[in-house]
Amino acid sequence: MLVVSKELHFNLTKLQLGNSNVDGKLLVKMENKQVTGEFNANKLDSADFASNNQQNSTSNGEYSIPSIQLPVEQLKHLDLNLQLNIKALTMANLAVNNLKIVATAKNNILNIKLDPAANIANGNLNLNLNYNVTPQNPSLELSIKTSPLQLDVLLKTILGKSPISGSNVELQTNLTSHGTNLVELVNNLHGSILTTVGPGQYLNSSSQLGDLFTTILGAMFTIDKHQASTAFTCAVINLKVNNGIASAHNGIGLEASTVNVLGSGELDLRNGRIDFSINPQNISKNPLDVNQFTLAQLIKISGTISKPRVSFDPMSLLTMNSPITKSLLAKIAGGVPGQLAAAAEGMIASSSGNNNISPCKTALER
């Protein structure tokens, strides 16, 4: 560090932390609160900066947001211009190359954005954050938006192998909050998180991959064992955020050639707890031999983001109005006399499923 009059010059030759390395320069002009700098990283791995302190996490994976006070007074009247250039950023199993993060502060507003947009999965990711310290209770605005990303490329990066072929995904997030520390900002979050997926194919053999994501995804589809894939038209996850809780009341939808899916539940951003119920409805128009099909199942997801608990209920299909279910119930009724057979027939007659309702449209309108 070099001090010249009322200026501070920082030269970082090389900072090595695990697989991450950073170098750069910083100039601080104390008289007019002006800060400029540029830093470069060939590799940056988020795992190298993760805290080993277990006090913020419980054995079931529930976390607590640290009450870190934000430098509100220091940001007031600050003239800031910082740039971080990252050649390779790794977050969990997701890699992003040639990332440029720009942080500026003018007129009491801290702005952090990607400039230009980051390239990921053959698409673009835009991020923009504004933190306004002018009000007594500073306000936050966060927006994240992508162009269509190739879903199979994204999943292959994360999982090593994609269960999806020929589809794209878009994310749009708009959140607001207010507060002077991280706990307040998360507790006061409001807005929306919308994910939409375009037409594609679910690879039926993916159920053998064994990871949690493909296990859940496989349970949502009615699969013809003689076919290599199952076509789907769209998928939607539409979460509304209020006071730090992201919820979906029929805000999860999937439309496939053999099944329609609606789901509800919530994600508590304050502690990571989740509680979702995903309900499939078989819609095949053909009388099918259930011995040749793997049927969709009611899915319950609870626990936490890092330690989810997943359970399946195949018997939930008995309340669904579809030829597959009717075939299954007919087999049950055919082998069971008397009252059980009458009950099975009653299930078919009283089922209220409506195959004309679009789950994706329903989820989007929530």
### Query
Just checking, how many residues over the range 154-184 are assigned to a helix (DSSP H, G or I) and either among the acidic types (Asp, Glu) or under 30 Å from Ser229 (Cα atoms) (or both)?
7
### Message
Pull out all pairs, ordered by first then second residue, where Cβ-Cβ is under 6 Å, the residues are six or more apart or on different chains, the first lies in the range 276-299 and is of a type in the set (Ser, Thr, Tyr), and the second is modelled with pLDDT of 75 or more.
### Response
Ser277/Ser264; Ser277/Gly265; Ser277/Lys300; Ser284/Thr258; Thr294/Ile223
## Note on the structure
In the range 238-278, anything of a type in the set (S, T, N, Q), touching a helix residue (DSSP H, G or I) at 6+ places or on another chain (Cβ under 7 Å) and not in a loop (DSSP other than H, G, I, E, B) is listed as Asn238, Asn250, Asn260
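Restricting to strands (runs of 3 or more DSSP E) lying wholly in the range 50-153: which have 2 or more residues that are touching a strand residue (DSSP E or B) at 6+ places or on another chain (Cβ under 9 Å) and among the β-branched types (Val, Ile, Thr)? Full working, then the answer.
On the way: elements: 79-91, 94-106, 109-114, 118-120, 123-132, 139-146.
Filter on the range 50-153 gives 79-91, 94-106, 109-114, 139-146.
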### Task
Could you list all residues from the range 122-146 that are closer than 20 Å to Gly37 by Cβ and modelled with pLDDT under 95?
none
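Inside the range 165-181, can you point out the residues that are hydrophobic (A, V, I, L, M, F, W, C) and either in contact with a Ser or Thr (Cβ under 6 Å, 6 or more places away or on another chain) or modelled with pLDDT under 95 (or both)?
Going residue by residue through the range 165-181, those that are hydrophobic (A, V, I, L, M, F, W, C) are 169, 171, 175.
Scanning the range 165-181 gives a single hit, Leu171.
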### Task
Residue by residue through the range 90-121, note down the ones that are modelled with pLDDT under 90 and buried (at least 16 other Cβ atoms within 10 Å of the Cβ).
Thr90, Val96
### Query
Of all residues in the range 140-159, which are among the basic types (Lys, Arg) and more than 13 Å from the chain's Cα centre (by Cα)?
Lys156
### Message
Can you tell me how many residues within the range 189-214 are over 15 Å from Thr146 (Cβ atoms) and surrounded by 17 or more Cβ atoms within 10 Å (Cβ to Cβ)?
### Response
11
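I'm checking my understanding of the structure. Among residues of the range 53-102 that are on the phi > 0 side of the Ramachandran plot and in contact (Cβ under 8 Å) with a residue 40 or more places away in the chain, which one is farthest from the chain's Cα centre (by Cα)? Write out each step before concluding.
Taking the range 53-102 first, the residues on the phi > 0 side of the Ramachandran plot are 61, 77, 92, 98.
Of the ones still in play, those that are also in contact (Cβ under 8 Å) with a residue 40 or more places away in the chain are 61, 77, 92.
Working: Gly61: 17, His77: 36, Ala92: 13 Å.
Filtering the range 53-102 for residues that are on the phi > 0 side of the Ramachandran plot and in contact (Cβ under 8 Å) with a residue 40 or more places away in the chain, the one farthest from the chain's Cα centre (by Cα) comes out as His77.
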### Query
Restricting the range 249-270 to residues that are crowded, with 19+ Cβ neighbours inside 10 Å and among the polar types (S, T, N, Q), which is modelled with the highest pLDDT?
Asn260
### Task
Run down Ile158, Ile164, Ile144 and say which single residue is crowded, with 18+ Cβ neighbours inside 10 Å and under 27 Å from Lys240 (Cα atoms).
Ile164
### Message
Here's a check for you: in the range 1-49, which residue that is assigned to a loop (DSSP other than H, G, I, E, B) and basic (Lys, Arg) is modelled with the lowest pLDDT?
### Response
Lys6
### Task
Check Ala235 against each of (1) at pLDDT 95 or above; (2) assigned to a helix (DSSP H, G or I); (3) not polar (S, T, N, Q) and name the one condition it does not meet.
(2)
### Query
Looking at the range 82-118, which of its residues are under 17 Å from Leu142 (Cα atoms) and among the small types (Gly, Ala, Ser)?
Ala103, Ala105, Ala117, Ala118
### Task
For residues that are at positive phi and in contact with a Lys or Arg (Cβ under 6 Å, 6 or more places away or on another chain), tally how many sit in the range 231-249.
1
### Task
Could you tell me which residue of the range 185-231 is nearest to Ser162 (Cα to Cα), considering only residues that are in contact with a Gly (Cβ under 7 Å, 6 or more places away or on another chain) and not in a loop (DSSP other than H, G, I, E, B)?
Ser206
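The values are calculated or read from the model by the stated rules, or taken from the named source; none is laboratory data. What you are looking at is a predicted structure, and each value in this text was computed from that prediction instead of being measured. Ideal geometry is used to build each Cβ from the backbone, glycine not excepted, and the neighbour counts take in all protein chains shown.
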